[in-house]
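Undergrad: Just passing along the structure, written as structure tokens.
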Amino acid sequence: QVQLVESGGDLVQPGGSLRLSCAASGIIFSTAAMGWYRQVPGKQRELVAVITSGGTTNYADSLKGRFTISRDIGKNTVYLQMNSLKPEDTAVYYCNCQYYLRNYWGQGTQVTVSS
């Protein structure tokens, strides 16, 4: 059974930083593509960043330079480092796993950027 558990969401002031974590279980982590998506009420879930099984990273164009995705294979964990946060980054952030042609989601973690 695949499980994704996110953590690290919080209330942060504009310009601040946060690091989200997603711990995966039930998969061979090194063979999975992992990603982060975000969603605000009334809008579609959007891609933030992905890291392939080979370690290649891709980002939403608007977030390049501020957000960094990384992984620790030994800990079965993917991270999202978010810097220079803006109020428009406020959203629920979801961890995603693509594993053997199936898609899995975490429960989401709330990030609120506000003064």
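Undergrad: Counting other Cβ atoms within 10 Å of each Cβ, which trypsin sites (Lys or Arg not before Pro) in the range 17-60 have at most 11 and sit in a DSSP loop? Spell out each step's value before the answer.
TA: On the way: sites: Arg19, Arg38, Lys43, Arg45; in loops: Lys43, Arg45.
The qualifying sites are Lys43.
Undergrad: Give the residue list of chymotrypsin sites (Phe, Trp or Tyr not before Pro) in the range 41-115 that are DSSP loop and have at most 13 other beta-carbon atoms within 10 angstrom. Before the final figure, lay out the partial values.
TA: Values: sites: Tyr59, Phe67, Tyr79, Tyr93, Tyr94, Tyr99, Tyr100, Tyr104, Trp105; in loops: Tyr100.
Here the chymotrypsin sites (Phe, Trp or Tyr not before Pro) that fit, given the DSSP loop and packing criteria, are Tyr100.
Undergrad: Moving on to the next point. Nearest 20 debye, what's the magnitude of the dipole of the chain about its Cα centre given +1 on Lys and Arg Cβ and -1 on Asp and Glu Cβ? Could you put the intermediate results ahead of the total?
TA: On the way: 10 positive and 7 negative charges, 24 e Å.
Charge dipole of the chain: 120 debye, to the nearest 20.
Undergrad: Here is a further query. For Leu101 and Lys64 in one chain, what is 0.36 nm times their gap in residues minus the Cα-Cα distance, to one decimal in nm? Can you show the working numbers first?
TA: Numbers: separation 37, 0.36 × 37 = 13.32 nm, distance 2.70 nm.
Here the segment from Leu101 to Lys64 would lengthen by 10.6 nm.
Undergrad: Out of the total accessible area of the range 13-115 (probe 1.4 Å, heavy atoms of protein only), what percent is carbon and sulfur? Could the numbers behind the result be given before it?
TA: Working: 2570 of 5420 Å².
For the range 13-115, the apolar C and S fraction of the accessible surface comes to 47 percent.
Undergrad: Along the Cα→Cβ direction, 7 angstrom out, place labels at Lys75 and Gln110. What is the inter-label distance in nm?
TA: Each label point lies 7 Å from its Cα, and together they span 2.5 nm.
Undergrad: In square angstrom, what is the accessible area per residue of the chain with a 1.4 angstrom probe? Can you show the working numbers first?
TA: On the way: 6190 Å² over 115 residues.
Value returned for the chain: 54 Å² of accessible area per residue.
Undergrad: What are the extents of the Cα atoms of the range 36-102 along their three principal axes, in Å, largest first?
TA: 33, 26, 21
Undergrad: Okay, moving on. Provide Rg and Dmax in Å for the chain, with only Cα atoms included in the calculation.
TA: Over the chain's Cα set, Rg and Dmax evaluate to 13.4, 42 Å.
Undergrad: Mind listing the lone cysteines of the chain, meaning no other Cys beta-carbon sits under 4.7 Å from theirs?
TA: Flagged as lacking a Cys partner: Cys97.
Undergrad: Sticking with this one: Going by Cα centres, the range 22-51 and the range 80-112 are how many Å apart?
TA: If we compute the Cα centre of each part, the gap is 6 Å.
Undergrad: Provide the gained length on full extension for the span Ser30 to Thr52, in nm with one decimal, where the gain is 0.36 nm per separating residue minus the Cα-Cα distance. Show your work: numbers first, answer last.
TA: Numbers: separation 22, 0.36 × 22 = 7.92 nm, distance 0.90 nm.
That works out to 7.0 nm of additional length.
Undergrad: Contour minus end-to-end for Arg45 and Ser17, with contour as 0.36 nm per residue of separation and end-to-end as the Cα-Cα distance? Numbers along the way, then the final one.
TA: Numbers: separation 28, 0.36 × 28 = 10.08 nm, distance 2.17 nm.
Result: 7.9 nm gained on full extension.
The values are calculated or read from the model by the stated rules, or taken from the named source; none is laboratory data. Since the model is a prediction, treat every value here as computed from it, not as a measurement. FYI the Cβ positions are ideal-geometry reconstructions off the backbone, even for glycines, and counts take in every protein chain you see. Surface areas here come from the heavy atoms of the whole protein model, side chains and all, with no ligands, DNA or RNA. Shrake-Rupley method; radii C 1.70, N 1.55, O 1.52, S 1.80 Å.
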